[in-house]
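Working notes for the structure below.
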Amino acid sequence: MSNVFHLDIVTPASTVYSSEVISLVVPAELGYMGILANHTALVAHIVKGKIIIRDKDNQAKIINTEGNGFMEVLKNKATLILESAMEKKEGT
Amino acid sequence: MAQSLKTVKSRIRSIENIRKITRAMEMVSSSKLKALQKEYSAFAQYYSRMEKMLNDLLASFPSSQNILLKPRLNKQKIILCVVTSDTGLCGSYNNNVIRIAEEFIEKNKDYALSLVAIGKKGLNHFKKSKLVIADTYTELYGHYSYEVAQKLVKFLLHAFLSGAADEVYAAYTNFISASRVKPVIGKVLNVERGDGEAQEYLSEPDIDTILKELVPAYVAMKMKNIILSSFTAENATRVMAMHEATDNAVELLDDLVLVRNKIRQADITRELIEVVSSADAMKG
């Protein structure tokens, strides 16, 4: 079984991220939660916070999210539907 | 030829001006259309994913409860949002929306119907009717504004929850492509359960809490979809209408130039005949 899964992050303005990733950490309503490949089907309410992505080249990436959001994990595919998402630049 | 040279010339000038205006408007609308199309297609991606997520969730948790999902058994009051443009010169765009809105009103005349007018043209049309206009949103001029949409959604949700409306519909124009738009009636509230795939989801927190956030967000996005789609369609129709108008002006101009030349030639011929005949008379 592969150890990567597909992640899509969409906002009303654009698709922010769409690629294979190793791990994903999201700010869910009850606290941060980590997702790895082959996770069981899951839905969660996302709140304001940082989304931490580790992509398939093992590079970390941080995306800030504000406002309401929802996550669906299904069949090794995660979809994040966010009101707003901003990639955090290094050093900021 | 009954027309004088002077009137034909002035008509040519005025039609030339009209052609310039319609051509400029066509260009303005087509650049607006491009920008809106981009915005709408990005948004449509988001919206379709959200819709799918909601439908999948509702199929997976058939026992889930949400007040916005619950159909009212004793349906009495309906709100219809009519999305039209603020400005004219966009062909049959407004007429089509108003036509299907009136069909809807006719079909539902047994219920207490009130209207929410988005766009001046719809407002002006329905002002003359006896229907109650609950709220109006005008002077958007084809620009989607977050604040206005938020206000509108708040109003509709409040109306639904307070019992001022048992169902909410919208008459709007669905943008299919730059050359195809379709006026439709869509149901906004209560939210209907669509076809979704049932999955064994875990949910965090529990499903009812998620739905409490997701369903209003979905309604807001549905209204945004309706407004954006209409505005994109408005500009698409305007591009078509203005293109047609420009073509017609060019055609008319060609005809008039021909008429002008004929009149001028006739004048020259008449003057020549006068000169020749008077010269003949002098000789005679």
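The values are calculated or read from the model by the stated rules, or taken from the named source; none is laboratory data. Bear in mind that the values here come from a model prediction, so they are computed numbers and not experimental data. Positions of Cβ are backbone-derived with ideal geometry, glycine not excepted, and every protein chain shown enters the neighbour counts.
Would you pick out the residues in segment A:24-40 that are part of a strand (DSSP E or B) and not aliphatic (A, V, I, L, M)?
A:P27, A:G31, A:Y32, A:G34
Out of B:E234, B:E197, B:E204, B:E147, which single residue is farther than 30 Å from B:R23 by Cα, surrounded by 17 or more Cβ atoms within 10 Å (Cβ to Cβ) and acidic (D, E)?
It is B:E204.
Within segment A:2-19, take every residue that is more than 14 Å from chain B (Cβ to nearest Cβ) and under 24 Å from B:E200 (Cβ atoms) and give me the one that is farthest from the chain's Cα centre (by Cα).
A:S2
Failed condition for B:P62, given (1) assigned to a helix (DSSP H, G or I); (2) surrounded by fewer than 17 Cβ atoms within 10 Å (Cβ to Cβ); (3) over 14 Å from the mean Cα position of the chain (by Cα), with all others met?
Among (1) assigned to a helix (DSSP H, G or I); (2) surrounded by fewer than 17 Cβ atoms within 10 Å (Cβ to Cβ); (3) over 14 Å from the mean Cα position of the chain (by Cα), the lone unmet condition for B:P62 is (1).
Check A:E66 against each of (1) touching a Lys or Arg at 6+ places or on another chain (Cβ under 8 Å); (2) facing chain B (nearest Cβ under 9 Å) and name the one condition it does not meet.
(2)
Criterion first (surrounded by 19 or more Cβ atoms within 10 Å (Cβ to Cβ), in contact (Cβ under 8 Å) with a residue 60 or more places away in the chain, farther than 30 Å from B:E103 by Cβ and not hydroxyl-bearing (S, T, Y)) does B:L189 satisfy it?
So B:L189 does not fit the description; no.
Give the residues of segment B:250-284 that are touching a helix residue (DSSP H, G or I) at 6+ places or on another chain (Cβ under 9 Å) and either modelled with pLDDT under 90 or among the β-branched types (V, I, T) (or both), sorted by residue number.
The answer is B:V250, B:V257, B:V259, B:I263.
Being in contact (Cβ under 8 Å) with a residue 40 or more places away in the chain and not assigned by TED's automatic domain parsing to the domain that holds B:K127: is that true of B:L214 here?
no
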